[in-house]
Structure formats: structure tokens, C-alpha cells
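Notes follow the structure.
The values are calculated or read from the model by the stated rules, or taken from the named source; none is laboratory data. Note that the coordinates shown come from a computational prediction; the quantities given were computed from them, not determined experimentally. Note: ideal-geometry Cβ built from the backbone for every residue, glycine included; neighbour counts use all protein chains shown.
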Amino acid sequence: MNTPIKPIYVTQPHLPPLEEFVPYLEQIWANKWLTNAGPFHNELEVAIARHLDVPHLSLFTNGTIALVVALQALRISGEVITTPFTFVATTHSLLWNGIKPVFVDIDPATFNLDPNKIEAAITPQTTAIMPVHCYGNPCDMARIEAIADRYGLKVIYDAAHAFGVRYRGDSIARHGDLTVLSFHATKTYNTFEGGAIVSPDPKTKQRIDYLKNFGIADEVTVVGPGINGKMNEVQSAFGLLQLKHLPEGLARRREVDRRYRQALWSVPGLEIPVANPEVEGNYSYFPVRVGSGFRMSRDALYERMRSAGVFARRYFYPLVSQMPMYRGLPSAAPEHLPMASQITQEVLCLPIHAELGEAEQERVITIIKG
Ligand SMILES: *Cc1c(COP(=O)(O)O)cnc(C)c1O
């Protein structure tokens, strides 16, 4: 009998040694404080804020609830300009707030909202822009924020892919009216499930902290229609431990990124995004574009890989704008989104994670090279 080949997934969590987590659990058992701004929760809030170089941060049970609350906190309504090239949670958070998403095309160099196309999408109902730092590539924040300022719009960044990313030395999480993070198991930094909102000032953080706890301000006062978005003590403790191991994970991802670039730059028809020297990235994704000059289609390559146990992913296919709940919107028409519509047919995210060994990566590269 053949030994089954070990599957290679697009990502895999980098877990610390289990025995390192046990003392944290013992402390929770001793305290019997399981959630609601417990000691580990508060310690993690400070630690992540310091790590990201941001003034105020609120932890959440996951990134999607954080997005929903961010929109609530700023009372966003009407229409919000956003990208079709993202994970569904970005757009769903708008729908959960009764907001109409307005899709704008992406810039093929960064996979992010094209700032040249934002102004044409603004109407009297527009209240905000929700860009995504796709794959951890920083958006053109200066131009997006200049447009927002000129038209009096808010900016809420979905930075779910961009934990720890810096642009010209500056933490991207410091930008916009709010920045939302995800610590889901598949992200570079994870707390099993988790998320956060970065606020620019203590008043905004306070409002967000009320909203993530049902709107409760004190024992007898509920100040708003809040939700339950709290991060519990087990998640928070795990987050503290993960933060310690983040640098080694990042170093290994950087090495995987380097090996792909070295091995694949000359493959005909395969386009590898250029690394921007001004960006300190987090190496969370390795997207390639399988163009018409490649020897087979993107989907054929994807299937070839699957049959060899390599689970690359077509992030993001289909476009959010093609999903049943969005495709009827005028801004969802493919002619209105030519770049996103082309890239969704070509993109493939290759496996990249801290535990991807050189031999495994060689398996991926060999299939691509054919
Ligand atoms: C993962 C992700 C989210 C959602 O975060 P969860 O923590 O999984 O709820 C939102 N937006 C983008 C772009 C994501 O990739």
C-alpha cells in the first residue's frame, strides 16, 4: 500500500508548545474570571496596542463582529464604498447594518481599492469608505483619506490580513477613523477566533467597549443597542502566548516567501506581485496570477495541485459582488469592475505558513514548474 501523501494546506496555525499554555490555564482556573474584561484580556489589549504602535484598542471575539460594531460605533448609514475583492465578512458587515455596499474596482498592482475610481462612486448617500488591506498590502491610505476628507466621509479599514504591517515605518493600524483586525485561526496572528478595533481616542474606545458588551455602561445604564463581542480569558491568554512566538513564525514565513520568489520569478505566464521595499509585510499570503501565457488555466493548475494533495486557494473567487445577495446591485456589474473580474479568474494563493518545510515547498514549486 502507498503511504498517503501529506496534504499541504494554504495555511496552518503556528502553535506554541502545549506545555507553555498550561500555566495560563491554571491561572484562569485559580481566578475563576472567565470573561468580561478579565486580567488576561486587559493585558492583551495593552500588549497588542504596544506591538502595533496604536493608542487605543478593543479586543473582540472575532473580526466580523468587530466590523459590525465599528460601523455601529461611527453610526455609518446609507452607502459605503468598498472592494469586491475580499472575504465576504467585509461586505456582510455592511448588510448587517442596513448599509448599501457600493463596489469600486481594484488596482492590479496591490489588489486594493483603486483610489482613482472612488470619487465617481460617491453619491449624496455615501457616508464612508471601507477599504481592505488585501493580502496585507497597504492601501493607498494618503489618497483614500484625502478623498474622505474632501467629501466628509469616514474611513474604516478592514485590516484582517494586515496584522503588524508597516508602511514607511508607520503602523498601518494607525490610519483611518477605525481599523479592524482579525485573529482567526487562519490569520498570521491568531487567538483561535478573535479580533480588535483600533480607535484614535479614548472616547471612541469607550463607546466601542460599551457596544461590545450589550451597550452596558454600568449596573443600571445601557447606552446603546450593543452586542456580545467580548473576547474571553482563554482566547486572551492564548493571544499573549502567541505574541511571544510571533517573531519566529514571521521569520519562517519570510523565508517561504523568499524561496517562492527565487523559484518562480521566471515561470512563463506566472505573475508574482512585486514586493514594495517601503512595506514591512507579514507574509500572510503568497498570491500569484496565472495569466494566459501559462501552460494551463488557473483552474487546471488548482485542480492539478489538489490531486497532488496541495490545497492552494483561489482567494478571492468568486468576487463578493457576484454572490446572490450582492450581484443585483448596480455597482456589482462586471463591466464596472474590469480588474477585479479579470484577477478573480487568475489569482491563486500558494501555501505559506511557518511550518511549511523546504521539501514540502519544493513539491508545490515542482507542480507549478511542470
Ligand atoms: C478573516 C477576515 C475577516 C473576518 O474575520 P473573522 O475573525 O474570521 O470574523 C474579515 N475580513 C477579511 C478581509 C478577512 O480575511
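Taking the criterion of being part of a loop (DSSP other than H, G, I, E, B) and either away from the ligand (no atom under 13 Å from the Cβ) or outside the structural domain of Asn190 (by TED's automatic domain parsing) (or both), the residues of segment 48-93 that qualify are Asp53, Val54, Pro55, Leu74, Arg75, Ile76, Ser77, Gly78.
In the condition set (1) more than 20 Å from the chain's Cα centre (by Cα); (2) farther than 30 Å from Glu119 by Cα, Pro338 is compliant with all but (2). For Met1, the criteria (1) among the hydrophobic types (A, V, I, L, M, F, W, C); (2) outside any helix (DSSP H, G or I); (3) at pLDDT 95 or above hold in every case but one, which is (3).
A count restricted to segment 300-344 and to residues that are of a type in the set (A, V, I, L, M) and either on the phi > 0 side of the Ramachandran plot or outside any helix (DSSP H, G or I) (or both) stands at 9.
Taken over segment 191-213, residues that are aromatic (Phe, Trp, Tyr) and under 17 Å from Leu71 (Cβ atoms) amount to 1. Selection of first residues in segment 126-143 that are in the same structural domain as Ala340 (by TED's automatic domain parsing) and over 12 Å from Asp107 (Cα atoms) and of second residues that are within 12 Å of the ligand (Cβ to nearest atom) and assigned to a loop (DSSP other than H, G, I, E, B), restricted to Cβ pairs under 8 Å at least 6 apart or on distinct chains, gives an empty result. Restricting attention to segment 99-135, the residues being surrounded by fewer than 22 Cβ atoms within 10 Å (Cβ to Cβ) and in a helix (DSSP H, G or I) number 6. Might you let me know whether segment 30-47 holds any residue that is modelled with pLDDT of 95 or more, within 16 Å of the ligand (Cβ to nearest atom) and out of contact with any Ser or Thr (no Cβ under 6 Å at 6 or more places or on another chain)? Checked against the condition, which is being modelled with pLDDT of 95 or more, within 16 Å of the ligand (Cβ to nearest atom) and out of contact with any Ser or Thr (no Cβ under 6 Å at 6 or more places or on another chain), segment 30-47 yields no hits at all.
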